[in-house]
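Student: I'd like to ask some things about the structure below.
The values are calculated or read from the model by the stated rules, or taken from the named source; none is laboratory data. This structure is a prediction, so every number in the text was calculated from the model and none was measured. Every residue, glycine among them, receives a Cβ derived from its backbone with ideal geometry; neighbour counts consider all protein chains shown.
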Amino acid sequence: MLTLILSIPLAVLTIAYAAAVWLFTLGWNRLSGGENRRQPPVSVVLAARNEADSIEACLRSLTRQGYQGRYEVVVADDHSSDGTDRKVARWAEAHAAVKLLPITSVPPGWAPKKHALSEAIAGSDGEIILTTDADCIVPPTWIEGMVRHFDPGVDVVAGPVTLDDPGVRPTLWTRLQNLELFSLFAAAAGGMARGIITASGGNLAYRREAYRRSGGLAAIRDLVSGDDDLLVQRMVSIAGAGMRFSIDPGTIVTTRPHARLGDFFRQRRRWASKAVHQQPRNLLFLLITFLLNLFLAAAAISALVSDRGLIVPLSCFAVKVVAELILLARAAQRMGFRGWLPVFPLWELIHLPYIVVTGLAGLGGDLHWKDRRFRGQRGIATDTR
């Protein structure tokens, strides 16, 4: 009886989810390259906290750009204690484009990273603002490629981030992480044409004027995360910003995979915790995705316990797999993403409980980021060093 009760909402959720993913797949047909030939002043801003192991590789990639226009790199050091600030200072001495901005305090009501980024933006002067993370490496054509997308009417450009650990042979764990991250960007790029607005601060660009009109980071200053997607959603909904997603190979940013499962889970839990702050369309899709996986798990367990009714959850699971396979294949074809198909079956099996667990974990409890603990998305930061 329980299996039958679960079957009806499960079927409805499966149809809704498959339809949304299919629309994302069709959305890839609308993606195009930019034709802007202007080279306006650009400010690259990033917040760094205890990134001594990775900041130099990041700065090396940022100072080797082929962009012919004027650009600066503003690094806001967010109370680092591992010598990150000293390394940035040495780069600033050697490269006039690099600027170090020490953050010495966080005003009440501000999340630390948002305050650091806000100060970096205030201390910069570029017409176009680009953001990345201190543990990311950008290609030499990154600034040029992102700026090229700023055709008339385009105010925000998002780009993908992939995983790479130079000199290290990819493990199964790394490949699973890479496919999971790629799936997020595949949905983000295709969903943009359908009003599902999201982005990553590791690879993002926007006009300073659009940032100003949206209220900037000050409008969402109390939330621990969301300096990328929540900010962009405000730009689109409040400032009327036009948005584009770059899939040019020369704009793909890389970062290192998580070595430990715990670090990966804490990051994804932090991402999940901001779901309730998303715009209505995003929230609806996230809710459908979570409920589908929850009902699939419940229906499968019920069917196994009762020894009947397994056909419905299996059929719905098959529809989900096929929809996601088509989207990933389309995105991989356009972006040249390889090596994902062999791990796809295992990824699908893990994906279901992963969505349920991270979704539930994101509903409450402490969040952890860079030696800080927060009591929920609006929690006060506590240093755990």
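Student: Sort out which residues of the stretch 301-318 are touching a residue at least 60 places away in the same chain (Cβ under 8 Å), crowded, with 16+ Cβ neighbours inside 10 Å and either part of a helix (DSSP H, G or I) or not assigned by TED's automatic domain parsing to the domain that holds F185 (or both), and write them in order of number.
Tutor: Hits for the stretch 301-318 are S302, A303, V312, P313, C316.
Student: Ok, one more. Exactly one of these conditions fails for A122: (1) crowded, with 20+ Cβ neighbours inside 10 Å; (2) of a type in the set (A, V, I, L, M); (3) under 30 Å from S237 (Cβ atoms); (4) not assigned by TED's automatic domain parsing to the domain that holds R338. Give me its number.
Tutor: Unmet for A122, out of (1) crowded, with 20+ Cβ neighbours inside 10 Å; (2) of a type in the set (A, V, I, L, M); (3) under 30 Å from S237 (Cβ atoms); (4) not assigned by TED's automatic domain parsing to the domain that holds R338: (1).
Student: Can you give me the ranges of the helices (runs of 4 or more DSSP H) entirely in the stretch 191-300 with at least 3 residues that are within 28 Å of A19 (Cα to Cα)?
Tutor: Hits in the stretch 191-300: 229-237, 261-272.
Student: Residues that are touching a residue at least 24 places away in the same chain (Cβ under 8 Å), of a type in the set (D, E, K, R) and within 30 Å of A189 (Cα to Cα): does the stretch 93-108 have at least one?
Tutor: no
Student: Still on this structure: Restricting attention to the stretch 277-290, report how many residues are over 16 Å from the mean Cα position of the chain (by Cα), surrounded by fewer than 19 Cβ atoms within 10 Å (Cβ to Cβ) and touching a residue at least 60 places away in the same chain (Cβ under 8 Å).
Tutor: Of the residues in that region, 2 qualify.
Student: Give the number of residues within the stretch 360-374 that are in a strand (DSSP E or B), touching a residue at least 60 places away in the same chain (Cβ under 8 Å) and more than 19 Å from the chain's Cα centre (by Cα).
Tutor: Residues in the stretch 360-374 being in a strand (DSSP E or B), touching a residue at least 60 places away in the same chain (Cβ under 8 Å) and more than 19 Å from the chain's Cα centre (by Cα): 2 in total.
Student: Moving on to the next point. It is to be established whether one or more residues within the stretch 176-192 are touching a Lys or Arg at 6+ places or on another chain (Cβ under 7 Å) and either buried (at least 23 other Cβ atoms within 10 Å of the Cβ) or in the same structural domain as G66 (by TED's automatic domain parsing) (or both).
Tutor: no
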